[in-house]
Every structure is written in C-alpha cells, then in structure tokens.
Amino acid sequence: MDAIDVAVAELSLDGRTVVLTPVEHDEHPFPEELRRPPTSAADLCALDTKLGQAFAEVAARYQGDLVSSLGQTVHHWVEDGRCLGTLQLGQPAWIAEATGLPVVADLRVRDVAAGGHGAPLASTLDALWLAGLAEAEGGTATALNIGGIANITKVSPDGVIAYDTGPGNALMDAAMTVLSGGLRTRDTDGEYARRGEVHAELLDRLLADPYYARPAPKSTGKEHFNRAYLDRVSEGLTMPAEDFLATLTELTARTIAAECEGTVIGSGGGMSNPVLVESLGRLVDLRTSDELGLPAAGKEAYLAALLGFLTWHGLPANVPSATGAAGPRPLGSITPGRGPLRLPEPVITAVTGLTIRRRARQSDGGDHART
C-alpha cells in the first residue's frame, strides 16, 4: 500500500507475439485512511468500496479502451505449501462507473482454483519477454521484481519456473515504521542500512525461516513476513536501528541471489534502494528492465495491462509451471463499462512472445487496444 501504480500501454497482436508499447506510467499517493487493516465484515466492505473508488479516481485521469486492475491483496491463504485462497480488494464496478470502460479484475483467483498459487503473475510477462534473451545467451535469464515480496521468473530453453523468494521491502518497511514511531515507512535510499553493520545472529535467525527451503512453486506475503514476525525473530537481541536495517537489507539480497541464475533483470520499488542494489550487484549479474525498454518503476502496472489484454482476447494469462496450476487458464472477470460489452473474436492460437517497442515505432497492423 505504498502507492497506486498506473501505466498506460498500447498493445497489439502480431501473429503469436504481443507488442507492448509503454506510453506513460506514474504513481499516486495511497489514501492514508485506507491503510488501517479491517477488523470486521463492515470494515472489509468499506475498504473494498473505498479502494475501488480510489482506483477509479486515478483511472479516470487517463484515456484508454480497457482497464485492468490487480487490486490490493489483503490476504493470501497458504497452508503446508498450498495456496487455498487469495483475496484482492478494490471493487471494479467503481472503476467502470468512473471511466465508462470495461474492467478486467480479480486476476489471481482462477489460477488458485486450478491448483496454483495465483502468483507470481509477473511470470506471464517475463516468460514471454525473456524467452528471446535466454535463447540468445544460451542459458537462463532471471526476471526479478522487488516489491513488498520479491519474486523471480527463471526462463531457460528447458522452460519457465517462477516463485516468491521471500521478503523484498516488506521487513525493511515494517522495521522502519516501528523504529521511527510511524514517521517513516521506508528506509529511503537505504540511508539507515548504509550506516549500519550486519548483525550475524539476527541474520542467522532470519535465514533459518523454513520458507526458503521449500520447493517451488511457492508463494508468500505480508501475512507471514510482517512486524509480528520481526518481533518474534529478534526477541532478546539489542542493536542500533542502523544495524537492524542493514541486516534486513542483507537478508533480502542473499535470499534473492540464492535463487537467481544467469543475467538478472531487476524491477520494482526495491531497485530504488541503492544499498540493496549494491548488495545484489556483488552477488549476481544485475541489470535493470529499463535497459531492455520496460520502465522498472512501472513494470507491475504494465503487467496488469498485459494480463487484461490477454483476458480480453480469451487467451490464457498464467504460466502453470510457475504458479503450479493444473494448466493454462484465462484469468479474471470482466465488469462491463457504460455501453454493451463487445469482446473481440477470441484468439485461438496461444501467444509465445512479447516485444517491447518504443511508441514512435508502433506497428500499424494487428489488433490494438490501450490498457
């Protein structure tokens, strides 16, 4: 709940390839009153409504043909390594009402119903986008997204595997919020971590979490890696705030690096933390998605656009080898806009590639949509 991320993309089909042209991306402040966790059905209803209204207010500032919303994950239900359910809030009807456009939303639950984890859905974009890079390098390319939770997609000639590696910014943000008495919600530019030293015992305790040893596919979230978790794992230890942040930053770097292979293409909010990026850069061959034409700061929002575009055309939008689903599935549900719902003819041939193209070089052919 750091911000409401938005991206505008022009998308088209060129045979079996999706052509994605980034138009613009931005982030908008997240309403402070919506950060409080719901404690009753009434609270949950109010949060679902107000999130939908907040998303709608932002979406109405942009022009397009279709809106796709990942929503806000408030709980990801995992037991014994299996995802049993997932809940994203942000009622899409408010977006449809404010924009007059059809809205694709609730994108994770169909994959969960098919036996998957509903995550990481970034694997859909990464598998299509990095297939060519992996082939050109004759090995594996790893796409990395560092949000609250860090996830990777490893693409090789043998196939695709994707999963959550563990905490990205989640523990660092939780610690900063507590240590600053709520005055700061993140260690901006790694300011505290850079002044600190890694606390060996705390790091050992953190690395002992059983999640890291579980086989993929797997997923996790802030229902596990949160403030209460930090309280438990640091019990009996005393250290300066700077050392606490340095240790959590090192945890994120190590647990990510342990899972990566080949060239690593980084994106997400964690890539704006120079201390984390420096630590990762010492452990892996790290590049940014910007270098390959996809703005790192907007990647997850562009992912939402891609997923909505695939659903709109009746195409599967999950990668079963990454999420654990029983097979490819179209994702999400569609809320009509003001006019009659007119879907394009379903595409019967699966897409196998994704090209990121500068707007000035946009293809003139194909079936276009702005999402």
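The values are calculated or read from the model by the stated rules, or taken from the named source; none is laboratory data. Being a predicted model, the structure only gives us computed values, none of them experimental. Neighbour counts run over all protein chains shown; Cβ positions are idealised from the backbone, glycine included. The accessibility values were calculated without ligands, DNA or RNA, using every heavy atom of the protein model including side chains. Shrake-Rupley method; radii C 1.70, N 1.55, O 1.52, S 1.80 Å.
Per residue, the chain reaches -10000 deg cm²/dmol at 222 nm when only DSSP H runs of four or more residues are counted, each adding -39500 (n - 2.57). When the Gaussian network model of the chain links Cα atoms closer than 10 Å, the mean-square fluctuations of T99, T188, T86 top out at T188.
Simple spin-label estimate for D14 and V347 gives 1.3 nm between the two label positions (7 Å along the Cα-to-Cβ direction from each Cα). Per atom type, segment 276-320 shows carbon and sulfur on 51% of its accessible surface, probed at 1.4 Å. Computed in the context of the full set of protein chains, the accessible area of segment 97-167 at 1.4 Å probe radius has 49% of its extent on carbon or sulfur. Sorted largest first by accessible area at a 1.4 angstrom probe radius, with every protein chain in place, the residues F225, F55 fall in the order F55, F225. Result for the chain in a Gaussian network model with C-alpha springs under 10 Å: among N226, N169, N151, the largest mean-square fluctuation is at N226. Straight-line cross-link reach from K50 at under 22 Å between alpha-carbon atoms covers these lysines, not counting any fewer than eight positions away in the same chain: K222.
Between D14 and V19, the built amide H atoms are under 5 Å apart, and every one of these is 5 or more places off in sequence or on another chain. Of T142, T39, T249, the residue with the greatest mean-square motion in the GNM of the chain, using alpha carbon springs below 10 Å, is T39. The portion of the accessible surface of segment 27-73 made up by carbon and sulfur, rounded to a whole percent, is 51 (1.4 Å probe; DNA, RNA and ligands excluded).
Per residue, the accessible area of the chain comes to 45 Å² when a 1.4 Å probe rolls over the protein heavy atoms.
Note on K218: lysines with a C-alpha under 30 Å away, same-chain residues under 8 apart excluded, are K154, K299.
The relative contact order of segment 1-118, computed from alpha carbon pairs under 8 Å that lie at least 6 residues apart in sequence, is 22 percent.
Phi angles across segment 305-311 convert, under the Karplus curve 6.51 cos²θ - 1.76 cosθ + 1.60 with θ = phi - 60°, into 3J(HN,Hα) values of 4, 5, 4, x, 5, 5, 4 Hz, Gly and Pro given as x.
Between R227 and R357, what length comes free when the chain is fully extended (0.36 nm per residue of separation minus the Cα-Cα distance, one decimal in nm)?
Numbers: separation 130, 0.36 × 130 = 46.80 nm, distance 4.11 nm.
Using 0.36 nm per residue and subtracting the Cα-Cα distance, I get 42.7 nm.
What the Cβ-Cβ distance of A60 and R282 gives, at R0 = 51 Å and to the nearest 0.05, is a FRET efficiency of 0.70.
If H25, H199 are ordered by their accessible area, calculated over protein heavy atoms with a 1.4 Å probe, which sequence runs from highest to lowest?
On the way: H25 75, H199 45 Å².
Greatest to least solvent exposure: H25, H199.
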